[in-house]
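This report refers to the structure that appears directly beneath it.
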Amino acid sequence: MKSIGENLASVMDELVQQARHTAIEHDDRTLQEFAWKLKGLGDAENDDETMGLLRGVSVPEGFRHARYTIYEVIGSGPNGELLLGDPKPGGRLIDGRMGCLDLKRLVRTALVFTSDPDTTSMGPGRWLESFTLPIRDPGTLELGLVVEPREINDGSFPARVQATIRMVEERRTSVRKSRSAYIGMAST
């Protein structure tokens, strides 16, 4: 008997297989240009700000799902280039309706995956930029996320969890300040 997780994985794999039939050919340059436009979204405060930064950007047609791979920034090279650690799976976005990938869901999902305590060796990460990887399953966008740790710590489990808590608290404080400013502007 399969577990719930195994059943879910099986359903997700079947949806990925179905997407193969609707996939279209893409050229690598178009995909890389799309991924490059996702640069700098890791500090956006909310969906409105994120989408404001992406005006005029759309997901290339033919993609029903996305697979994310995380690349942690582990340093910088002599010319300032980012040095990346080994890739690790970040997660998948699977659309059961088989509709085209929605930009807001694609970005929101990436932001959720980069906010996990296990995203980097020191907890949640800040999404700096993206690039596309070779497509393994037609219809599934393969997106590499370049992520730096949000803070420097010893990398222990408690330190990663505390980093996550601090990130959530900072976001709450930012949201409260934004709401207060909006309410203040509306009452004048």
In the range 82-102, which residue that is surrounded by 13 or more Cβ atoms within 10 Å (Cβ to Cβ) and of a type in the set (D, E) is nearest to S130 (Cα to Cα)? D102
Residue by residue through the range 146-167, note down the ones that are in contact with a Lys or Arg (Cβ under 7 Å, 6 or more places away or on another chain) and either more than 9 Å from P124 (Cβ to Cβ) or of a type in the set (V, I, T) (or both). V147, E148
Need pairs with beta-carbon distance below 7 Å; first residue farther than 28 Å from H26 by Cβ and within the range 135-155, second open to solvent by 10 Å² or more (accessible area, probe 1.4 Å) and part of a loop (DSSP other than H, G, I, E, B); sequence gap 6+ or separate chains. P149/S121; P149/M122; E151/M122; I152/M122; N153/M122; G155/S121; G155/M122
If you go through the range 37-44 one residue at a time, do you hit one that is open to solvent by less than 30 Å² (accessible area, probe 1.4 Å), under 14 Å from R108 (Cβ atoms), modelled with pLDDT under 85 and touching a helix residue (DSSP H, G or I) at 6+ places or on another chain (Cβ under 9 Å)? yes
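Among the candidates R108, R92, R126, which residue alone is over 18 Å from F157 (Cβ atoms), out of contact with any strand residue (DSSP E or B) (no Cβ under 7 Å at 6 or more places or on another chain) and of a type in the set (K, R)?
Sole residue among the options that is over 18 Å from F157 (Cβ atoms), out of contact with any strand residue (DSSP E or B) (no Cβ under 7 Å at 6 or more places or on another chain) and of a type in the set (K, R): R108.
Among what's in the range 113-144 and is in a strand (DSSP E or B) and among the hydroxyl-bearing types (S, T, Y), pick the residue that is surrounded by the fewest Cβ atoms within 10 Å (Cβ to Cβ). Write out each step before concluding.
Step one: filter the range 113-144 for residues in a strand (DSSP E or B), giving 120, 123, 125-132, 140-144.
In the following step, the residues that additionally are among the hydroxyl-bearing types (S, T, Y) were identified as 120, 130, 132, 140.
Values: T120: 26, S130: 22, T132: 19, T140: 22.
The extreme case among them is T132.
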Give me the residue from the range 4-36 that is modelled with pLDDT of 55 or more and outside any helix (DSSP H, G or I) and, out of that set, surrounded by the most Cβ atoms within 10 Å (Cβ to Cβ). H26
For the range 131-177, which positions are touching a helix residue (DSSP H, G or I) at 6+ places or on another chain (Cβ under 8 Å) and among the acidic types (D, E)? D137, E151
Going residue by residue through the range 153-164, is there one that turns out to be modelled with pLDDT of 90 or more, open to solvent by less than 90 Å² (accessible area, probe 1.4 Å) and basic (K, R)? yes
Scan the range 59-79 and tell me whether some residue there is open to solvent by 80 Å² or more (accessible area, probe 1.4 Å), at pLDDT 90 or above, small (G, A, S) and at positive phi. no
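The values are calculated or read from the model by the stated rules, or taken from the named source; none is laboratory data. All of these numbers come straight from a predicted model, not from anything done at the bench. Cβ coordinates were reconstructed from backbone atoms using ideal geometry, including for glycine residues, and neighbour counts include every protein chain displayed. Protein only, heavy atoms only, side chains kept; ligands, DNA and RNA dropped before computing areas. Shrake-Rupley method; radii C 1.70, N 1.55, O 1.52, S 1.80 Å.
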